[in-house]
Amino acid sequence: MRRPVALRLHATLATAIVGIAVAVALPSPQASAAVGAATGYATQNGGTTGGAGGQTVRATTGTAIHAALCGRASSSTPIVIEVTGTINHGNTSKVSGSSCNTADGVIELKQISNVTIVGVGSGAVFDQLGIHIRDSRNIIIQNVTVRNVKKSGSPTSNGGDAIGMESTVRNVWVDHVTLEASGGESEGYDGLFDMKDDTQYVTLSYSILRNSGRGGLIGSSESDRSNGFVTFEHNLYENIDSRTPLLRGGVAHMFNNHYTGLHESGINSRAGARAKVENNYFRNSKDVLGTFYTNERGSWQVAGNVFDNVTWSATGNENYPAGPNPTSTTTVGIPYSYRLDGASCVPDIVRQTAGANTGLKVSNGSCSPQTPTPTTPAPTTPAPTTPPPTTTPPPSGGTNLSLASGAGADGSSKADGTSYGNVRDGNLGTYWSPAGSTGTVSIKWGSATTVSRVVIREPSGTSGSIGSWQLVNNDTGAVLASGSGAGQITFGATSLKKINFRINSSGGTPRVGEFETYAS
């Protein structure tokens with residue numbers, strides 16, 4: 001039996017605020033919509049920019065957050081949502097629209113892309129209400145507190161996860177957040193930061209995770225090994241039983257984190273996982289690194305860590321601690337640049353920088369805090385109470401190679417009355433649709449053509465039906481990009497003769513009005 005979390009906090013329900021409330025004035029410059037830049041694995045796979053370049057709106061209720069998502073021209077139109085006040089069940093309702101897929105009782109970021117949610121003013125608290133990211137990409141969550149999210153009892157939200165990601169999620173940066181519970185599973189709580197079912201390229205930075213039975217996981221079972229490429233840096237894990245995190249398969253990089261009061265186990269690398277663990281400070285904890293609760297072993301590379309009053313259990317069946325003298329069992333190559341603070345100063349620099357409402361301070365790489373230079377945010381407007389009519393995005397710049405002489409189109413299937421050629425006729429009134437809910441449509445040329453940008457446009461009145469997709473180089477089978485929803489897709493310039501847009505899931509009947517291709 002697991003030990004209960006040592007510290008119990010009593011959650012106080014915030015007063016329910018019904019309906020949508022918005023504010024226009026910026027009460028404090030504490031957090032800008034564009035402070036700092038993503039780090040770690042979130043910089044890979046095309047990078048993570050969230051809603052940069054899009055409209056900035058202000059929301060004071062969960063319903064207003066949903067309305068802002070639903071009010072975009074498409075599910076991929078960039079948007080920055082500045083949040084202030086307390087978001088709870090009483091003020092979070094489902095909003096419908098062609099650019100969103102929301103739900104009651106949870107902040108739902110589903111089948112969308114290019115979104116930033118940032119706390120501003122005196123703070124943003126998601127009280128007993130989780131943030132759920134599903135079938136989405138390019139998401140930033142910054143400067144918010146999420147507390148006391150339950151999977152059992154009342155009220156429940158998001159399966160008990162403070163922030164949960166699942167089902168083909170790519171490129172998420174979570175920064176300067178505070179995630180906390182008031183106990184373990186027996187009190188109704190689950191994980192603080194969970195990733196599963198093909199979630200990749202995620203960074204958690206300068207955040208606090210505390211007072212929970214479970215810190216978080218990467219992979220929901222021993223067979224769920226499609227997740228990984230996750231960075232954890234400059235975070236505080238405090239008063240947690242286990243899972244800081246639990247890693248099944250995949251690769252994770254943990255550096256400059258402070259772990260204190262881990263009661264049962266810490267970084268649990270298992271089921272073939274590989275963890276690079278460097279310059280962290282572990283204090284007053286047990287079994288902070290190893291493979292636990294399974295015989296399917298993982299591995300780790302260790303360097304520069306401090307183990308301060310750490311105890312280790314004996315090796316045995318389903319228990320393989322890395323200590324008492326941790327040594328590397330693998331090597332992990334890191335594809336991005338990063339600056340390491342010395343482990344001895346990690347508790348102090350994390351204390352000064354981690355969590356919400358700390359001024360978004362970061363380390364300068366020499367154990368001293370600094371404030372990133374903000375960029376000028378877009379004008380702030382109230383979040384809409386109802387979504388405006390869907391509009392067709394303006395034409396993209398450059399020459400649409402799909403309309404060039406010698407270009408053609410084909411695919412894997414088509415519904416009655418539609419044509420592959422309709423995706424390259426310059427007319428949104430015609431379209432291709434697969435015979436079922438999934439299918440592939442392609443643009444092809446007689447000779448190699450260099451492409452680095454694609455725009456997928458849905459016909460008027462059908463926006464939001466396209467779910468997850470992959471853009472594939474038909475010549476080699478390489479996946480150039482993946483995501484969800486229609487819109488603009490950029491990738492490294494590639495010379496090819498045929499490019500496939502493969503729809504892997506959909507909400508209703510997906511339709512592609514235009515499949516535009518560009519050299520830049």
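The values are calculated or read from the model by the stated rules, or taken from the named source; none is laboratory data. All figures in this text were calculated on a predicted structure; none of them were measured in a lab. Every residue, glycine as well, gets a Cβ built from its backbone with ideal geometry; the counts of neighbours run over all protein chains shown. Note: areas computed on protein heavy atoms with side chains; ligands, DNA, RNA excluded. Shrake-Rupley method; radii C 1.70, N 1.55, O 1.52, S 1.80 Å.
Looking only at the stretch 329-339, how many residues end up being under 25 Å from the mean Cα position of the chain (by Cα) and open to solvent by 60 Å² or more (accessible area, probe 1.4 Å)?
Here is the first cut: in the stretch 329-339, the ones under 25 Å from the mean Cα position of the chain (by Cα) are 332-339.
Next, from what is left, pick out any that are open to solvent by 60 Å² or more (accessible area, probe 1.4 Å): 333, 335, 337-339.
Total meeting the criteria: 5.
At least 1 residues that are among the basic types (K, R) in each: list the strands (runs of 3 or more DSSP E) lying fully within the stretch 151-211 that qualify. Talk me through it step by step, then tell me what you get.
Details: elements: 163-166, 169-175, 178-183, 193-196, 199-205.
Once the strands (runs of 3 or more DSSP E) in the stretch 151-211 are filtered for at least 1 residues that are among the basic types (K, R), what remains is 169-175, 193-196.
For S205, are the conditions met, namely being touching a His at 6+ places or on another chain (Cβ under 8 Å) and more than 30 Å from I334 (Cα to Cα)? Steps first, please.
Details: touching a His at 6+ places or on another chain (Cβ under 8 Å): yes; more than 30 Å from I334 (Cα to Cα): no.
No, not satisfied.
For the stretch 496-504, check the following and say yes or no: at least one residue is among the aromatic types (F, W, Y) and open to solvent by 10 Å² or more (accessible area, probe 1.4 Å).
Pass one, the stretch 496-504, residues among the aromatic types (F, W, Y): 501.
Okay, now just the ones that are also open to solvent by 10 Å² or more (accessible area, probe 1.4 Å), so none.
Scanning the stretch 496-504, I find no residue that is among the aromatic types (F, W, Y) and open to solvent by 10 Å² or more (accessible area, probe 1.4 Å), so the answer is no.
Quick one: is I443 in contact (Cβ under 8 Å) with a residue 60 or more places away in the chain, part of a strand (DSSP E or B), farther than 20 Å from Q111 by Cα and open to solvent by less than 10 Å² (accessible area, probe 1.4 Å)?
On the way: in contact (Cβ under 8 Å) with a residue 60 or more places away in the chain: yes; part of a strand (DSSP E or B): yes; farther than 20 Å from Q111 by Cα: yes; open to solvent by less than 10 Å² (accessible area, probe 1.4 Å): yes.
Considered against the rule, which asks whether it is in contact (Cβ under 8 Å) with a residue 60 or more places away in the chain, part of a strand (DSSP E or B), farther than 20 Å from Q111 by Cα and open to solvent by less than 10 Å² (accessible area, probe 1.4 Å), I443 comes out as yes.
Can V472 be described as open to solvent by less than 10 Å² (accessible area, probe 1.4 Å), outside any loop (DSSP other than H, G, I, E, B), more than 24 Å from T199 (Cβ to Cβ) and among the hydrophobic types (A, V, I, L, M, F, W, C)? Step through it out loud before you land on a result.
Values: open to solvent by less than 10 Å² (accessible area, probe 1.4 Å): yes; outside any loop (DSSP other than H, G, I, E, B): yes; more than 24 Å from T199 (Cβ to Cβ): no; among the hydrophobic types (A, V, I, L, M, F, W, C): yes.
The answer is no for V472.
Select, from A21, A16, the only residue that is assigned to a loop (DSSP other than H, G, I, E, B), in contact with a strand residue (DSSP E or B) (Cβ under 9 Å, 6 or more places away or on another chain) and at pLDDT below 95.
Details: A16 fails: in contact with a strand residue (DSSP E or B) (Cβ under 9 Å, 6 or more places away or on another chain).
Only one candidate qualifies: A21.
Is it true that A275 is touching a strand residue (DSSP E or B) at 6+ places or on another chain (Cβ under 9 Å), part of a loop (DSSP other than H, G, I, E, B) and open to solvent by less than 20 Å² (accessible area, probe 1.4 Å)? Spell out how you get there, then give the answer.
Numbers: touching a strand residue (DSSP E or B) at 6+ places or on another chain (Cβ under 9 Å): yes; part of a loop (DSSP other than H, G, I, E, B): no; open to solvent by less than 20 Å² (accessible area, probe 1.4 Å): yes.
No.
So, in the stretch 242-263, how many residues would count as being open to solvent by less than 10 Å² (accessible area, probe 1.4 Å) and assigned to a strand (DSSP E or B)?
In the first step, residues of the stretch 242-263 are kept if they are open to solvent by less than 10 Å² (accessible area, probe 1.4 Å); the result is 242, 244-247, 249, 252-257, 259, 262.
Right, trim to assigned to a strand (DSSP E or B) and you get 242, 246-247, 252-255, 259, 262.
Selection size over the stretch 242-263: 9.
Among the candidates F515, F491, which residue alone is part of a strand (DSSP E or B), within 21 Å of S98 (Cα to Cα) and either aromatic (F, W, Y) or in contact with a helix residue (DSSP H, G or I) (Cβ under 6 Å, 6 or more places away or on another chain) (or both)?
Values: F491 fails: within 21 Å of S98 (Cα to Cα).
The unique qualifying residue is F515.
So, in the stretch 278-323, exactly how many residues are buried (at least 20 other Cβ atoms within 10 Å of the Cβ), polar (S, T, N, Q) and within 24 Å of L340 (Cα to Cα)?
Qualifying residue count, the stretch 278-323: 4.
Within the stretch 408-428, how many residues turn out to be out of contact with any Ser or Thr (no Cβ under 8 Å at 6 or more places or on another chain) and either modelled with pLDDT of 90 or more or in a helix (DSSP H, G or I) (or both)?
Of the residues in that region, 2 qualify.
For the stretch 37-89, how many residues meet the condition of being in a loop (DSSP other than H, G, I, E, B), under 15 Å from V120 (Cβ atoms) and open to solvent by 20 Å² or more (accessible area, probe 1.4 Å)? So that I can check it myself, show each step before the final result.
Step one: filter the stretch 37-89 for residues in a loop (DSSP other than H, G, I, E, B), giving 37-39, 44-54, 60-61, 71-78, 88.
Those left that are additionally under 15 Å from V120 (Cβ atoms): 50-51, 60-61.
Checking which are open to solvent by 20 Å² or more (accessible area, probe 1.4 Å) leaves us with 60.
Adding up the residues that qualify gives 1.
If you scan the stretch 141-190, which residues turn out to be within 14 Å of I208 (Cβ to Cβ) and touching a Ser or Thr at 6+ places or on another chain (Cβ under 6 Å)?
T145, D175, V177, T178, A181
List the pairs whose first member sits in the stretch 266-278 and is free of Cβ contacts under 8 Å to residues at least 40 places away in the same chain, whose second member is not in a strand (DSSP E or B), and whose Cβ atoms are under 6 Å apart, counting only residues at least 6 apart or on separate chains?
Listed pairs, sorted by first residue: G266/T244; G266/V288; I267/T244; S269/G298.
This table checks each residue for (1) modelled with pLDDT under 90; (2) open to solvent by less than 60 Å² (accessible area, probe 1.4 Å); (3) assigned to a loop (DSSP other than H, G, I, E, B).
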position	(1), (2), (3)
P374	yes, no, yes
A378	yes, yes, yes
P387	yes, yes, yes
T392	yes, no, yes
P395	yes, no, yes
G398	yes, no, yes
S402	no, yes, no
S405	yes, no, yes
T430	yes, yes, yes
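Return the total of residues in the stretch 133-150 being closer than 21 Å to D198 by Cβ, assigned to a loop (DSSP other than H, G, I, E, B) and either at pLDDT below 95 or not polar (S, T, N, Q) (or both).
Residues of the stretch 133-150 closer than 21 Å to D198 by Cβ: 133-141.
Among the residues that remain, those that are also assigned to a loop (DSSP other than H, G, I, E, B) are: 135-136.
Pick out the ones that are also either at pLDDT below 95 or not polar (S, T, N, Q) (or both) and you get 135.
Residues meeting the conditions: 1.
When the stretch 114-173 is examined, which residues are found to be open to solvent by 10 Å² or more (accessible area, probe 1.4 Å), small (G, A, S) and within 18 Å of Y201 (Cβ to Cβ)?
S167
Working only within the stretch 447-493, note down all residues that are farther than 19 Å from P434 by Cα and among the acidic types (D, E). Spell out the reasoning first.
Within the stretch 447-493, the subset farther than 19 Å from P434 by Cα is 447-454, 473, 475-481, 488-493.
Selection gives D475 alone.
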